[in-house]
1. Over all directions, what mean area does the Cα convex hull of the stretch C:228-299 project, stated in square nanometres?
2. Between D:S74 and D:R204, take the C-beta separation as r, use R0 = 25 Å, and let me know the FRET efficiency to the nearest 0.05.
3. Once you charge only the Cβ atoms, +1 for Lys and Arg and -1 for Asp and Glu, what is the size of the charge dipole of the protein assembly as shown about its Cα centre, to the nearest 20 debye?
4. May I ask you to list the residues of the stretch D:281-317 whose amide nitrogen lies under 15 Å from a point 7 Å from Cα along the Cα→beta-carbon direction of D:S324?
5. Given the pairs C:K264/D:K280; A:K264/D:K50; A:K61/D:K61; D:K121/D:K199; A:K97/D:K61; B:K77/B:K199, which span a C-alpha to C-alpha distance of over 29 angstrom in this model?
6. Along Cα-to-Cβ, 7 Å out, sits the label point; list in nm, shortest first, how far the one on D:K77 is from those in the other copies.
7. List the extent of the Cα atoms of the stretch A:299-341 along each of their three principal axes, largest first, rounded to whole Å.
8. Can you give the direction-averaged projected area of the convex hull of the alpha-carbon atoms in the stretch C:1-152, in nm²?
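The numbers here are math on the coordinates, done by the rules we state, and not lab data. The structure displayed is predicted, hence computed values, not measured ones. Don't worry about glycine lacking a Cβ; one is built from the backbone with ideal geometry, like all the others, and counts go over all protein chains shown.
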Protein chains: 4
Amino acid sequence: MIVVMKPGSNPKQVEHVVKLVNEMGLKEQVIVGTERTVVAVLGNDRFKDKQRLELADGVDKVVPILASYKMASSEVKNDRTTIPLGGTLGGTVGGVKIPVIAGPCSVESKQQILEIAHAVKEAGAVALRGGAFKPRTSPYAFQGLAEEGLKYLAEAREQTGLAIVTEVMSIDQIPAVVEYADVLQLGARNMQNYNLLAKIGQTRKPVLLKRGLSATLEEFLLAAEYILAGGNTQVMLCERGIRTFETDYVRNTLPLAIVPELHKRSHLPVVVDPSHGTGKSHLVPDMCRASIAAGADALILEVHGDPEHALTDGAQSLNLKQFSEVMKSIKRVAAAVDREV
Amino acid sequence: MIVVMKPGSNPKQVEHVVKLVNEMGLKEQVIVGTERTVVAVLGNDRFKDKQRLELADGVDKVVPILASYKMASSEVKNDRTTIPLGGTLGGTVGGVKIPVIAGPCSVESKQQILEIAHAVKEAGAVALRGGAFKPRTSPYAFQGLAEEGLKYLAEAREQTGLAIVTEVMSIDQIPAVVEYADVLQLGARNMQNYNLLAKIGQTRKPVLLKRGLSATLEEFLLAAEYILAGGNTQVMLCERGIRTFETDYVRNTLPLAIVPELHKRSHLPVVVDPSHGTGKSHLVPDMCRASIAAGADALILEVHGDPEHALTDGAQSLNLKQFSEVMKSIKRVAAAVDREV
Amino acid sequence: MIVVMKPGSNPKQVEHVVKLVNEMGLKEQVIVGTERTVVAVLGNDRFKDKQRLELADGVDKVVPILASYKMASSEVKNDRTTIPLGGTLGGTVGGVKIPVIAGPCSVESKQQILEIAHAVKEAGAVALRGGAFKPRTSPYAFQGLAEEGLKYLAEAREQTGLAIVTEVMSIDQIPAVVEYADVLQLGARNMQNYNLLAKIGQTRKPVLLKRGLSATLEEFLLAAEYILAGGNTQVMLCERGIRTFETDYVRNTLPLAIVPELHKRSHLPVVVDPSHGTGKSHLVPDMCRASIAAGADALILEVHGDPEHALTDGAQSLNLKQFSEVMKSIKRVAAAVDREV
Amino acid sequence: MIVVMKPGSNPKQVEHVVKLVNEMGLKEQVIVGTERTVVAVLGNDRFKDKQRLELADGVDKVVPILASYKMASSEVKNDRTTIPLGGTLGGTVGGVKIPVIAGPCSVESKQQILEIAHAVKEAGAVALRGGAFKPRTSPYAFQGLAEEGLKYLAEAREQTGLAIVTEVMSIDQIPAVVEYADVLQLGARNMQNYNLLAKIGQTRKPVLLKRGLSATLEEFLLAAEYILAGGNTQVMLCERGIRTFETDYVRNTLPLAIVPELHKRSHLPVVVDPSHGTGKSHLVPDMCRASIAAGADALILEVHGDPEHALTDGAQSLNLKQFSEVMKSIKRVAAAVDREV
């Protein structure tokens, strides 16, 4: 980090800063410029709480230099991590092939999930998404079928070979989800639920970690770091749209430039969710194509047999015909960027 | 809700919308305007998932009319709810008197918390805050003293009479926190941790519910609704700053207009946290005064005996002298708006 | 619009609202629901100031139904407007072919602009961008070569056939820019400079209208409406990134879903600017590909022969080799979405 | 500035950075840390375009240290600048006394403005606001009475002694506004209209500079710097709300912490506009009180005799009775923070 002193700071103040730096076990180099004095801190301050140095007399600001994550960083590992999704269809995230994960927001009934599973497999998906435990903004809304839903998902895998991706919302749900699912999804609203992250880090299932609605890129990678620090190395980073002043034509803003930036800073593969990323089904096909062109390693999409009657998230779900058309078009875009779907 | 049809929509499309509305158990009134046809939906659609109507052919958009929360709404209760904080000093949130909750971000040691407790009581605080379980952005940062920290807090109450406000981060921590604390704090990053909200709704302890960093006002009140729906009526709404493009001089933007708006829409009392609301200790005193002037029912503040050496959140903590000065000045502002501190 | 009354509003209040509506020359239909009374306003209220109805006693809120723009709307014209850029290379925005506009942020010297012009033409661009009048955040920064810069641009057109796109910042610059340029660029910071919009509406040159950093989609289309209302029908809508809490890895967030949404709501063609849209040259190539995949009708890009020594915006400029590679790759993506570059 | 090299950067890359730094006329100090090498740049780089250094091989990022404004900075002048508003009532912005500027959004007629002028003076205002030239989002909305409106304002000053504050939207309006008004208001949408800023810098009238909807604090002070650099030292900084994801209960978010921060960084006085800052008249009184408590040097408020029939901005206007009550209550808050209204 760099500690920038105020104009007119005095040597005693600089000395005090140096003392605080040394107390942290770090060394310093003081640079007296024509306009400002700065204290450059030498050594690994990655995990130090630096902001409190701002309080010292004569300090103007503290500028961090090192990122605060380590295991998620491309500094420790150059090659992109590849993560097999499970199931029998061979989907892997992080390679040349771009797997598509599709399915309804919620598992609503056995028939519903089986029908959708067969249809999305037919269209080319290799994994099935579907929520058994549902985080709902309203306490009065449908909360999911819980373990029953997990069983239906497992049956869908049995019948189709699709890998199962489903959300785990709390620590007590981990055993059941680990039993039935192939990939644990960690939802956007739980991205900073640190107890849950730590526990999921102790499982050995692949994790689809969704970015929080207003998480910075650094916070996103630190959430991944929690899981990696627990020993679980199979983390996929999923961009699902952020909250901005754009609330009129979309539910979220999909910031696709994060795809190449995450590839630069981290070795973890990047999944994009254009369904939540827009919240509007008519915008999803174009955003699927754009995500592939931006370098996404996988897509996760909401697909429903009858979106008008979906119990949750109908407005952003593709119907089966739309999904099938999207699959055809993204194959072409993938080829144009030397990838395959 | 109002379903707005596209220009040029046909009667068959309108009929289909009416059918969908009726399937929801609701009645309709079709209004054919010169430019647009709209379908006004009659009846309590508060808890219906309306967005999927957007998918019906010929529909342009769906405009909700009713708020989706009910028990938190001022429609069901006019008087502001008053919530005693506990301890022996008689602090109550929601009346003419404005209690101040103060203390360190984290409980760091017995000595630290006792010293701060005595000092903040001396200065006029009626409750002590302090984290035993700490949600930390980095897995490598200090994670709190856990149950040991709770015991120190209880001892501080014993010695001072201050009520204890402390965060509960996950379901398994509830029993311990309920045992030692007077008020359960639910952190901003957990505002949409629905399982935790529901479980906290089953306790009978007052809850300090912090607004999520990018939660809308409606989502905030729906989070409160989760707790109320569980039977716990003692919910305080705490504004602690939101995430905006302002990342240069503050860590968060403190949107004080939410105070009067929450008072208008809800009967629940409103607490403001200027420490997190700015992230910078030099801005806290002015924002304390502004919060009181805006109508806050309580303040919660980070105070530390030695902020330069605080294990967490030093940059936004007041030292004891600063806190004591803030207390004096807010007494005067409170009097100017016919309140008391 | 729909005027929603508060719960418990009385007939006299409703009557007063009806009176206000009638004063606007509009008709009403009163709908008494079980929970709320609403007043649906019939007739063209597109250009009425509705918000003041919110002040009437008993009114909860006013919900607009009609968009406030008209000439920019796809309701008045179905086919996408096509706009020839000028020059002798035949670039047209809004058709199957996707023209690329490239060049430096600023015209710095005759030699600089001529070299870049030849190079970008070589690589496949059909228009040259370059600022002669520069809007600069700092009064101490390079402000452009003014009319001299325009002459160099004209000479570049002479030598290459490239159309010239350049910014006009104020009314007094219009005659000079109209004389030398083929397309008038209206910058993001001037998107709501209404006097300038109105005057540009009186010219008959194509306009590249950049979206303001925090303009809503409706404000963006209303800015276009200002130009259209003046009789100038050749308006291109240019997305160039918005301001969000993402300030760490990008200068702006590029919200590509606006491309299909603008195509839905308007007949005007849509240009994307990935250079300003990210502010970081290493993110530009992926965002070029994503923009094409999202349906962009043209790209505008900053390209410089020696970005390390560019007088302005070096950090987001591609060098000539990078630009040439981008051109190759976007040709392939365009083909994958049935377009051509 | 500090140039941070990537991990693994080599001496040749560092050498190249040093060469670029020297080309800028600046000196360097290279610091080789255990994790990173950084190049600290010595000398006044305040007005240099640093971002292009990011493009040099081996550079990770460039961190600015000096603010890019100078004349607006508290580094050059400690005391708060005081600015007399004009008129005969003696209002001055920047001292202990807090003047209130009040009036309608638009001048609508002679009678309207005179009535309001007398009423706001009666209630304690010392200056009258009112738009003659109106920036309107829609080309079809009322655009103001232009010079006729200015004359009515001047007559209001004649009759009441109130100073006149009115917006100038474009360079050609400057002579007329300078002739009739006491204070030139520069609107939020023009905060980065640099040509206009520069021309206003050449006048010798006080300027009320409104912050742009998404301007950073630094951009805001740089806009002031444009005016100061022209020789006009009488600039008031006016916070009027920013654009955030909060679009449901307010039109803008009012970030009051900017008041003490501007006081820290600049010597210019700070005005707050709670009318635009919320967009909702029912929130204005509490935000007036909060603004005063936060340290505002003046308030500017929209007041209308009949807001339901205001031609513009009715929804955020106080009526005369509400304004008079606000004045009484802010006097008390001002006294509580050792100020006067």
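1. 5.2
2. Numbers: r = 23 Å, r/R0 = 0.93.
It comes out at approximately 0.60.
3. The dipole of the protein assembly as shown has a size of about 0 debye.
4. D:304-306
5. Values: C:K264/D:K280 32 Å; A:K264/D:K50 22 Å; A:K61/D:K61 17 Å; D:K121/D:K199 32 Å; A:K97/D:K61 33 Å; B:K77/B:K199 24 Å.
Cα-Cα > 29 Å for C:K264/D:K280; D:K121/D:K199; A:K97/D:K61; rest within.
6. Here D:K77 shows inter-copy label distances of 5.1, 5.4, 5.7 nm.
7. 38, 16, 11 Å, listed from the longest principal axis down.
8. 15.7
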